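Bear in mind that the values in this text are calculations on the coordinates, not laboratory data. On a predicted model such as this, the values are computed, not experimentally measured, just so you know. Heads up, the Cβs are rebuilt from the backbone with ideal geometry, glycines too, and the neighbour counts pull from every protein chain shown.
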Amino acid sequence: MVKNISNLGDAAVYCDFGSEVNEAINASVIDYFHHISKLIKDKKIEGITNLTPSYNKLIISFDLTITNYKKIKNFIEGLTINRDIKNKNQKIKIPVCCDDEYGLDFLRLTEKLIIDKDKILELYFSKEYFCYMTGFIAGMPFLGDLNENIRCDRLETPRLKMPKGSVGITEQFANIYTFESPGGWNIIGNTPKKIFDDKNLDQPALVNPGDKVSFYQITKEDYLNWNE
Amino acid sequence: MNKAYFEILRGGVNTTIQDKGRNHLYHVGIAVSGAIDQRNFTLSNRLVENQLNEPVVEFAYQGPLLKLKNGKINFAISGDIFFKIIRKNLEVEDGECYKSYILDEEDQIDIISTKNSTYGYLAVNGGFDLKKTWGSYSINTKANIGPNDGKKYSLNDKIFIKKSDTKNIIKRKINYIYSPDNIIRIIKGTNFHYFSKDAIDKFFNEDFLITNLVDRMGMRLKGPKLENIVSTNIKSEGLVRGVIQVPADGNPIIMLSDHGTVGGYPKIGVVITADLDFAGQLTPGTKIKFKEVSLEEAQNIFKAYTEDTNNYLNEYN
């Protein structure tokens, strides 16, 4: 449930669902996101230009020429979120090559975590992850939660260019760099799979909030011969 | 008949196609994009009698050098721009902004530079012949979305033009007055209370310098270090245009049209919508001050801003 609603500037509403990060709170954010998305599609509410769900917040942007903060706030407060409309969350499997030329930060990770590479991989690949949100760059999924023994801070100095496809970890989260981009996550491998497809107009992002993701390891040969 | 097009003889610093922007994609990580200066974008279309959301060429600092092929067009440039028209016979005319011109085959437009601003807009009557992606023609160079494979234009690229009417055009001019006062008005951000009293005093009273780190994603400022007394990181959450984030180094960053859709730095404030156009136009080296307004004031200022824009749009000369 939304705990507090406030304004983010003059053209956005900030819905706060709490300060913790967990699946229950995030599921509530995603329920609101799907519910409002449908109302926008069905033209039951006008002026909303964007919805941005994250771990425990939902930001609703609107066009100030059409509506205003008070109207959107009243609209949100009047919503009854029907939990029966379950969106069809997917289970997705993503291949990762963890050879040292792709896993850029194993040296740092083994030093910081004081466990060896094989153990990191074992702990990483043995879990199924939940997608809390996508964003920052197009289609980048924010997944969690990592095993407690492989949680590590961001790089002290972020890389200016993370290679496209890089699979990263930081704190309790995992992600995938869908484009070459600056970034500060610890890189353990690279996926040849297309995570963002701008030709797929209906659903460009492979992973969407609420989806479950598991990773599996592939060889360099598989990586280089990957064909979709 | 072959279609008219601009042949690009010089790409310029950052030449793209922009319109009002691309909505309903923040949740997958795609920014709104769109013209940084929405008012000047709109005015450029008005000058050539287009629909106001017709895509136009946006350029920054040094603009492109364009040669017209296969046709005759009516165009106008808005902004604070130094440009010349080089006719086929090599006669050179000084260009005037907010005024429509006829361009003949083999004539060139040389957009030499912006003056006290960063962005300018070139609109052509009838519009450009481009493909829409997710409801918008805007080029997002970050995610390579939009025309020209989502990349900025460079040498030898072509921009095709739909049929341009040059017969029934009334030459139009708008008397646009651009008078920035270097005060950016903001509404308190959702993490305003993360900053010390001293930081807040400094934020509203001291000068901030626009650094060289400015692009369509954002604008890094430098000023007195803004002391954070709670946490220099928050759990990543959504951003919107105009959000002012303050990372651990204490220097504010203003989010512009191509910003990352989520961010993990505390938000000290949000630039009001009415000030986004001129804030985005500020050039490196400029000093600005922040001023707080209430939500209600911001809404009234936006009404006045819209009326102003409409007055310009209704001007016929």
When the gyration tensor of the protein assembly as shown is built from Cα positions, what are the square roots of 5 times its three eigenvalues, in whole Å, from largest to smallest?
41, 28, 23
Measuring from its Cα centre, the protein assembly as shown shows a charge dipole (+1 at each Lys and Arg Cβ, -1 at each Asp and Glu Cβ) which, in debye to the nearest 20, is 920
Here D for region A:17-85, in µm²/s, from Stokes-Einstein with a Kirkwood Rh over Cα pairs at 4 °C and 1.567 mPa s, works out to 103
Using only Cα atoms, figure out Rg for chain A and give it as a multiple of 2.2 N^0.38 Å.
1.11
Within 10 Å of each residue's Cβ, count the other Cβ atoms and sort B:82, A:173 from fewest upward.
B:82, A:173
Counting other C-beta atoms within 10 Å, which of A:226, B:134 has the fewest, and how do the rest follow?
A:226, B:134
Checking the table A:91/A:161; A:41/B:3; B:84/B:287 against a 32 Å threshold on Cα-Cα, which pairs fail?
A:41/B:3
Sorted from largest down, give the three principal axis spans of the alpha carbons of region A:1-123, whole angstrom values.
55, 32, 25
Rounded to whole angstroms and listed largest first, the alpha-carbon spread of region B:143-207 along its three principal axes comes to 62, 37, 23
Excluding residues fewer than 8 places away in the same chain, name every one of the aspartates and glutamates whose C-alpha is closer than 14 Å to that of residue B:291.
B:181, B:201, B:206, B:207, B:275
How do B:232, B:118 rank when sorted from fewest to most other Cβ atoms within 10 Å of their own Cβ?
B:232, B:118
Using 10 Å bins from zero, what percent of all Cα-Cα pairs in chain B falls into each bin?
6, 26, 33, 21, 10, 3, 0
What list of whole percents do you get for P(r) of region B:5-160, with Cα-Cα distances grouped in 5 Å bins up to the one holding the largest distance?
2, 11, 20, 24, 22, 13, 5, 2, 1, 0, 0
Nearest-20 debye value, chain B charge dipole, Cβ charges on Lys, Arg, Asp, Glu
600
Region A:153-228 - Debye-derived log10 I(q)/I(0), Cα point model, q = 0.12, 0.16, 0.22, 0.27 Å⁻¹
-0.38, -0.67, -1.16, -1.36
Pairwise Cα inverse-distance average, inverted: Kirkwood Rh of region A:91-224 (Å):
14.7
Going down the table (B:20/B:163; B:88/B:131; A:119/A:193; A:194/B:188; A:199/B:99; B:115/B:202), which pairs top 28 Å between alpha carbons?
B:88/B:131; A:194/B:188; A:199/B:99; B:115/B:202
Along the dipole axis of region A:33-158 (charges at Cβ: +1 for Lys and Arg, -1 for Asp and Glu; origin at the Cα centre), the most positive-end residue among A:131, A:69, A:97 is A:69
Which GluC sites (Glu not before Pro) in region B:61-123 pass both tests, a DSSP loop state and at most 15 other beta-carbon atoms within 10 Å?
B:91, B:96, B:105, B:106
Test of understanding: express the Cα radius of gyration of region B:86-157 as a ratio to 2.2 N^0.38 Å, with N the residue count.
1.34
Do any of A:43/A:71; A:57/B:303; A:212/B:267; B:142/B:197 go past 26 Å between their Cα atoms, and which?
A:57/B:303; A:212/B:267; B:142/B:197
So for region B:25-88, Kirkwood radius off the Cα pairs, Stokes-Einstein at 10 °C and 1.306 mPa s: how many µm² s⁻¹?
113
